Every structure is written in C-alpha cells, then in structure tokens.
1. Taking amide H positions as placed in the peptide plane 1.01 Å from N, state which residues far from Val111 in sequence (5 or more) or on other chains have amide H under 5 Å from it.
2. Roughly how many percent of the accessible protein surface of segment 139-209 is carbon and sulfur, given a 1.4 Å probe and a whole-percent answer?
3. Roughly how many Å² of Phe140 are accessible to a 1.4 Å probe, to the nearest 10?
4. Long-range amide H contacts for Gly118: which residues qualify at under 5 Å (H placed 1.01 Å from N, peptide plane, sequence gap of 5 or more or a different chain)?
5. Taking the Cα centre of segment 116-218 as the origin and placing charges on Cβ (Lys, Arg +1; Asp, Glu -1), which of Leu161, Gly190, Gln176 is farthest toward the positive end of the dipole?
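The values are calculated or read from the model by the stated rules, or taken from the named source; none is laboratory data. Predicted model only: the values in this text are computed from it and were never measured. Note that we place each Cβ from the backbone using ideal geometry, even for glycine, and neighbour counts take in every protein chain shown. Side chains included, ligands, DNA and RNA excluded: accessible areas come from the protein's heavy atoms. Shrake-Rupley method; radii C 1.70, N 1.55, O 1.52, S 1.80 Å.
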Amino acid sequence: MMTSARSTDSGLVGPGELDRYPYAEAPGPDRVGAPAWEGADPELGRVGRRAAGSRGRGLHGQLVQQLGQMIVSGDLGADRPLVPEEIGQRFEVSRTVVRESLRVLEAKGLVSARPNVGTRVRPVSDWNLLDPDIIEWRAFGPQRDDQRRELSELRWTIEPLAARLAAGHGREDVQQRLSDMVEIMGHAMGQGDAMTFSRADAEFHSMLIQIAGNRMLEHLSGIVSAALQVSGGPVTGCDRPNETSLAHHVRIVDALATGDGGAAEAAMRQLLTVHPEVERVVPAPREH
C-alpha cells in the first residue's frame with residue numbers, strides 16, 4: 001500500500017531532461033569497478049510486463065525498487081558508478097525507464113548525476129532518511145535494527161505531542177472517526193483479524209497527527225504510516241493485538257473528547273511502550 005508521501009510513481013522526466021543521465025559512459029582509468037548485479041532480478045523486464053497492472057507500479061517503479069534496495073543494502077556502495085546502458089541491458093528495460101528511475105533515486109538523495117562524471121551512488125549522509133521508500137528499504141536490509149530503533153524513537157517524539165495538540169483542535173466528525181477506528185480494532189481483535197486491526201490502527205495514528213493543527217507535524221504523518229507498515233504493525237503491537245493496547249486507544253479518544261491534552265499525551269506514551277519495538281519480528285517486504 002502506497003502512502004501519500006511516496007514519490008516513486010511521480011518521477012516523470014520533464015522536457016529537456018532526458019540527456020541528464022549519460023546513457024553510454026565510457027570506462028576511464030579512475031572509474032570504480034562496474035556494479036555487481038548478482039542478487040538483482042534478471043527477470044525484471046519480463047515479470048514487470050506481466051504484473052505491472054496488478055502491482056500498479058510498472059517497470060519504472062519496479063526498477064526504482066530494485067536499485068533502491070541494492071543501494072541501501074550496500075550492494076551498490078558509495079561512489080559506485082551506475083551506467084544507464086548496463087542497467088538497461090541487465091534488467092531488460094528501455095532507456096526512458098532507466099532515466100526516469102535514476103531521476104527518482106536522485107530526488108531521494110541516493111544518487112547524483114553530474115556532467116563528465118556520470119551517475120554515482122551517494123553516501124548515507126546524503127540520503128533522505130525520512131523518505132518512506134528509504135525507510136522501507138532500510139527496514140528490510142542490513143540496517144534493519146537501526147531503522148526500527150530510529151523509527152521507534154521518532155514516533156515517541158512525534159505522537160505524544162500530536163496527541164496533546166489534537167486535544168485542542170478536535171472536530172466532532174474527526175472524534176467520531178477515531179472512535180470508529182477503535183471500534184473496528186476491538187471487533188477485529190475479537191475475530192483474530194490482525195490485518196484489519198493494523199489498518200484501523202494505522203488510520204487512527206495518521207488521523208491523530210493530521211488534526212494536531214501543526215502543518216510540520218502533519219507532514220510527518222507519512223513517516224509514521226511508513227513506520228507502521230514496515231514494522232509489521234504499530235509500536236503498540238498490531239501483530240499481537242491485545243486488550244491493553246486497545247484500552248490505551250480508548251483513553252486517547254476519551255481525552256481528546258474532553259480536551260485534556262495532558263491525559264491524551266500520557267495515554268499515547270503508554271501506548272507506545274506496550275510492545276517495545278525490539279521485540280518485534282519484521283515480516284517480508286510488502287508487495288507494491
């Protein structure tokens with residue numbers, strides 16, 4: 001499921017930008033060795049043509065996913081050259097698909113393209129670590145433990161504050177929607193439906209941030225959504241729904257209804273510590 005903050009599908013090449021990524025880059029004496037494509041999917045082109053409709057991303061999105069994962073995992077290290085011609089041949093995709101994909105990766109800070117230098121992988125310090133795609137790729141790669149810890153710490157900073165602020169900005173229709181989400185979570189828990197519980201919980205947390213009345217916090221709601229998805233559920237334990245986490249959700253809704261920001265903040269802090277992130281088992285990467 002794509003979040004509103006995801007930019008993978010919007011990387012269309014604008015007029016006059018096709019030649020930004022040199023297609024055939026001649027090897028030079030100072031060139032770092034060509035990328036090792038072992039582990040990459042050699043069937044990307046053929047598989048993509050069959051599955052693009054059901055996956056909803058097409059060849060462009062699949063190539064962004066493949067290259068992004070390889071960069072974040074370290075298979076394509078910093079300063080490694082990415083030759084569009086080699087990429088096109090390896091994955092059996094067109095020049096346009098390669099260039100669009102590299103443009104998206106550049107927007108995420110993963111690669112840079114410069115005249116007479118070509119396209120190279122950038123160091124981790126240049127990556128946009130708040131990009132939902134990069135969050136996902138890190139969560140399923142060698143940096144998984146660091147990513148999960150950092151996401152947990154970020155949520156601990158963002159969501160209690162959002163809960164406090166939301167207590168002063170709640171509208172009746174939003175209050176009702178939050179209550180509906182808690183009701184859905186309770187019903188799903190009774191049915192043993194962890195997927196429905198997770199979806200309702202994700203909407204609950206995203207909506208809470210969006211009604212906090214702070215546009216900068218609202219911008220971070222996509223990051224929280226990404227955190228919920230890549231961890232297999234929210235920090236409250238979507239993968240293990242229980243009465244305790246549900247009760248904390250109810251306390252938050254009650255505090256918002258009475259305008260008690262302090263109580264809402266306290267309930268959120270308790271909610272975020274029901275199941276520490278370190279206890280979770282991260283599932284396989286989600287389908288796109």
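1. Long-range HN contacts for Val111: Glu106, Arg122.
2. On the way: 1730 of 3540 Å².
Carbon and sulfur: 49 percent of the exposed surface of segment 139-209.
3. 60 Å²
4. none
5. It is Leu161, whose Cα lies furthest towards the positive end.
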